[in-house]
1. Quote the convex hull volume per residue of segment 50-169, based on C-alpha atoms, as a whole number of Å³.
2. Once you keep just the Cα pairs under 8 angstrom separated by 6 or more residues, what percentage relative contact order results for segment 125-172?
3. Just want to confirm a number: the relative contact order over the chain, from Cα pairs under 8 angstrom separated by 6+ residues, in percent.
4. Taking Cα pairs under 8 Å and at least six residues apart, what relative contact order does segment 105-255 come out at, in percent?
5. Counting other beta carbons within 10 Å of each Cβ, put 2, 37 in order, fewest first.
6. Among 118, 259, 216, which comes first, second and so on when ranked by fewest other beta-carbon atoms within 10 Å?
7. If you find the alpha carbon centre of segment 260-314 and of segment 122-161, how far apart are they in angstrom?
8. Note down the Stokes-Einstein diffusion coefficient of the chain in µm²/s, whole number, using a Kirkwood radius over alpha carbon pairs, 37 °C, and 0.692 mPa s.
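We did not get these values from a lab; they are worked out from the coordinates using the rules stated. In this text, all values refer to a predicted model and were calculated from it rather than measured experimentally. Reconstructed Cβ throughout: ideal geometry from the backbone, glycine too, with neighbour counts over all protein chains shown.
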Ligand SMILES: [Zn+2]
Ligand SMILES: [Zn+2]
Ligand SMILES: [Zn+2]
């Protein structure tokens, strides 16, 4: 059963997918379904050999053939859990991560994301292609093998929608793109910048919600991955490598984090206010302490941080890999 139910109090959709309860939880490496199938070994979900592989999620939150839910009355509105859920395997190496992949491989990943954005975004009824990665047990990852996910959604989810609404308002007032302005201001201020090159900047936002949170923003105004040319793919891949390596070098161990991509919706409308960017939310406050989304964050929407973004940026700059650029 997959179904979307409307929360009238919050004004948000909630997705229900009962089959997801059956998911395998952190199987040992020899039973990893994402490792290539080996001769004489158990059949896995992954191809025999691959560099990057994309396939349908076996336990999708949404599905293209979801039947309409039974009619309900008044307040209790629901709709079919329509959509597409894909898994993107970053590498056939079980222990790899974005922080270890060479730049050429990262470039390939950016091109795969771009292709899935275009293909899924062109499906009827898909209004938003949400690309993300959950990394580490602290984020609730059920499979260790390096991978990300894609949700192709029949609506624009609330967080990108809110960013777009504020960006549209700013654009109407000043005639300029909000994220172009923010990125230029961060470049000028310098103190929160972790990495900057000709095409792209990575900084800890002025009002970071998570410790060591960073935003990776193309300096040219690009609405989505679709607008990336070869140089743009290379610049994005390079910045992904730089920040991923800095995260893992911070405490010399893999940092649990979320990676999310915000960009233009695919509902056929023009989105001049949309500006492609990647946001990273680490879930650790220090080498030993995890960051929890507790009552203040979950119930009030008030994030309480004990680390200033200026301090985060300095630590991440110091943790950069001098051998990667
Ligand atoms: Zn594996
Ligand atoms: Zn812009
Ligand atoms: Zn964003």
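1. Details: hull volume 19.6 nm³, N = 120.
Hull volume over Cα atoms, normalised by residue count, gives 163 Å³.
2. 44
3. Numbers: 639 pairs, mean separation 55.6, N = 325.
Computed over the chain, the figure is 17 percent.
4. This gives 22 percent for segment 105-255.
5. On the way: 2 22, 37 15.
Ascending Cβ contact count within 10 Å gives the list 37, 2.
6. Arranged by neighbour count, lowest to highest, 118, 259, 216 become 118, 259, 216.
7. Each part reduced to its Cα centre gives a spacing of 15 Å.
8. Translational D for this selection: 157 µm²/s.
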